[in-house]
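Read the structure below first, then the notes.
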């Protein structure tokens, strides 16, 4: 009893910055409201849940803005294990806006299908909450908890169409490979903890070097953790789950996985590289270089063969992940750290707007054609000219054609490689340039269907676009055009994103 009294006297309550935690608290409150309302409201009023979900995400943006305008640039909680800095605020904004667009994509789709709507919105908001947590996590334990928080709901969402064998296959594959990757990553984290005797990232950095008595342990720890997140971002050869999962999952869930979930994996990878691994570039730099080259090349080559539009976009998403990895492959070189971080953040912002727009068009067209084939886009401009133009803009943006957002994202990524003034950077830039040309092969094939091919079944009935889907198209198309025509807008947010405590070399 006396020991307990002594411990109680020595215990100090942790300092909690409720303003810093406000985005997470608002989102947590919103998902609780959705869960409770689902129990009590009539089935005919379940459409209210989508409205509450969308307003929850918009409400969570308010504290993100107030934190960005606050004079306190860095807020540290729980002994530095949870940090709100400019990087986390920019990525929180990206996740919340991407989540809002996914809600718009889901609203009409969920009403049409046989879905348990309350659980759908609850799982979607829960996964987004995990993503917000990921942006501020600066500890191995909090990173792992955030990763599972965002992943477990995503496993269930992928298998949401219970009576569809493809959806069941999508969920099982995503779950099984996700669990395997989590186990590998957790083993790597345990090795790092054993070396550093701490789970705090800033404590790990000085002890986790490429030399020393435990260099083999260091190498295994770093490689296993990178492998875990390589699965999350569907980097080759850890990409095998993506095509089947993207094709089998409901279209809004696929959009969510391809943008928000992928970006969350990159966020964790960036934080680890800049705060825990900056002195171990001899280990992870060659590994990420190989991952980037393989991911770009294999993703593009396999995309060329696809006849299904969603599978094609899945392989395109894999390839785009290789472009995001490009700047990280030179981030460990002197003078390249801040440029690489800027490139990664800008690419994720532009990619989110463009890819969500593509899925909005796919949803609108598939509602009419009931087909997922690339050929179903034949003659789209003749009976839905607005959708044909928008799809062309989004595809051209992914290909990096000016003056659309994709060109500035690719330009800055290549710029970071050239500025590294290294053989690593120059070689990867050449590989990236070749892949940019190859990618236009399958993007151009869809454009040819839209503009030059006849309508497959001769049905030129105009497409009716629900209001929520129309708003999603306006937001994504507007963002894609603004980032391309006014590149300073995207560069402004990318320049803001600085990770507190990072060792920029």
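Say whether the condition of being in contact (Cβ under 8 Å) with a residue 60 or more places away in the chain, out of contact with any strand residue (DSSP E or B) (no Cβ under 9 Å at 6 or more places or on another chain), more than 30 Å from residue 285 (Cβ to Cβ) and in a helix (DSSP H, G or I) is met by at least one residue in the range 419-440. Scanning the range 419-440 turns up no residue that is in contact (Cβ under 8 Å) with a residue 60 or more places away in the chain, out of contact with any strand residue (DSSP E or B) (no Cβ under 9 Å at 6 or more places or on another chain), more than 30 Å from residue 285 (Cβ to Cβ) and in a helix (DSSP H, G or I).
Do you know which residues across the range 213-236 are over 20 Å from residue 131 (Cα atoms) and touching a residue at least 60 places away in the same chain (Cβ under 8 Å)? Walk me through it before giving the result.
Our first condition is that a residue be over 20 Å from residue 131 (Cα atoms); within the range 213-236, this holds for 213-224, 236.
Across the range 213-236, the qualifying residues are 218, 219, 222, 223, 236.
Conditions (1) farther than 30 Å from residue 419 by Cβ; (2) in contact with a helix residue (DSSP H, G or I) (Cβ under 9 Å, 6 or more places away or on another chain); (3) buried (at least 24 other Cβ atoms within 10 Å of the Cβ); (4) at pLDDT below 85, marked per residue:
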residue: 322; (1), (2), (3), (4): no, yes, yes, no
residue: 327; (1), (2), (3), (4): no, yes, yes, no
residue: 334; (1), (2), (3), (4): no, no, no, yes
residue: 343; (1), (2), (3), (4): no, yes, yes, no
residue: 360; (1), (2), (3), (4): yes, yes, yes, no
residue: 372; (1), (2), (3), (4): yes, yes, no, yes
residue: 380; (1), (2), (3), (4): yes, yes, yes, no
residue: 388; (1), (2), (3), (4): yes, yes, no, no
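Considering the conditions (1) surrounded by fewer than 24 Cβ atoms within 10 Å (Cβ to Cβ); (2) touching a helix residue (DSSP H, G or I) at 6+ places or on another chain (Cβ under 6 Å); (3) farther than 22 Å from residue 472 by Cβ, residue 247 is excluded by exactly one of them, (3).
Let me confirm something: among 128, 123, which residue is touching a residue at least 60 places away in the same chain (Cβ under 8 Å) and either within 11 Å of residue 256 (Cβ to Cβ) or under 18 Å from the mean Cα position of the chain (by Cα) (or both)?
128
For the range 135-152, does any single residue satisfy the condition of being touching a helix residue (DSSP H, G or I) at 6+ places or on another chain (Cβ under 8 Å), within 23 Å of residue 254 (Cα to Cα), surrounded by fewer than 17 Cβ atoms within 10 Å (Cβ to Cβ) and modelled with pLDDT under 85? No: the range 135-152 contains no residue that is touching a helix residue (DSSP H, G or I) at 6+ places or on another chain (Cβ under 8 Å), within 23 Å of residue 254 (Cα to Cα), surrounded by fewer than 17 Cβ atoms within 10 Å (Cβ to Cβ) and modelled with pLDDT under 85. Annotation: of all residues in the range 153-173 being under 13 Å from residue 253 (Cβ atoms) and surrounded by fewer than 19 Cβ atoms within 10 Å (Cβ to Cβ), the one that is modelled with the lowest pLDDT is 164.
Among the residues that make up the range 103-123, is at least one of them surrounded by fewer than 19 Cβ atoms within 10 Å (Cβ to Cβ) and farther than 28 Å from residue 50 by Cβ? Checked against the condition, which is being surrounded by fewer than 19 Cβ atoms within 10 Å (Cβ to Cβ) and farther than 28 Å from residue 50 by Cβ, the range 103-123 yields no hits at all. Scanning the range 30-48 for residues that are touching a helix residue (DSSP H, G or I) at 6+ places or on another chain (Cβ under 8 Å) and either modelled with pLDDT of 85 or more or part of a loop (DSSP other than H, G, I, E, B) (or both) yields 30, 31, 33, 34, 35, 37, 41, 46.
Here residue 79 passes the criteria (1) touching a helix residue (DSSP H, G or I) at 6+ places or on another chain (Cβ under 8 Å); (2) under 30 Å from residue 183 (Cβ atoms); (3) not in a helix (DSSP H, G or I) except the one numbered (1).
The values are calculated or read from the model by the stated rules, or taken from the named source; none is laboratory data. Since the model is a prediction, treat every value here as computed from it, not as a measurement. Counting neighbours? That spans all protein chains shown, and the Cβs are built from the backbone with ideal geometry, glycine included.
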